[in-house]
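Below is one structure, written out as structure tokens; comments come after it.
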Amino acid sequence: MGKRWLYPDMEELVMKELDATVREFRVDPARIYLTGFSMGATGAYRIAAKWPERFAALMAVAGRVEPASTYRRSLCRAGSSDQEPAYLDCAWGCG
């Protein structure tokens, strides 16, 4: 395809593949964890911010975190009491 996977259409493709995997292997949707390293962490963070209800947790390691204004503000907090996954508000290099 010649694209990096963090473009919006590639993010959609990742979610379609996740849906196919959940169906094929009868995955418990309440136990889907998203992780990534470096560019994968950046993409994982973007996907989790767009589809937070799909993931039990996110672990992004050494990825670029975009400004919070890029995401819905309710997702950008260090913790939650309403069973919503917690997301990183700032990372190394924030200023």
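Every number here is computed from the coordinates shown, using simple stated rules; none is lab data. As the structure is a computational prediction, the values presented were derived from the model and not from experiment. Neighbour counts are summed over all protein chains in view; Cβ atoms, including those assigned to glycine, are modelled from backbone coordinates with ideal geometry.
A compact table of results
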{"item": "Chain lengthening between Lys16 and Ala56 when straightened (0.36 nm per residue, less Cα-Cα)", "result": "12.6 nm"}
{"item": "Estimated distance in nm for a label pair at Tyr7 and Ala30, the labels positioned 7 Å out from Cα along Cα-to-Cβ", "result": "3.8"}
{"item": "Cβ crowding within 10 Å averaged over residues, with 39-45, 59-65, 25-31, 13-19 ranked highest first", "result": "39-45, 59-65, 13-19, 25-31"}
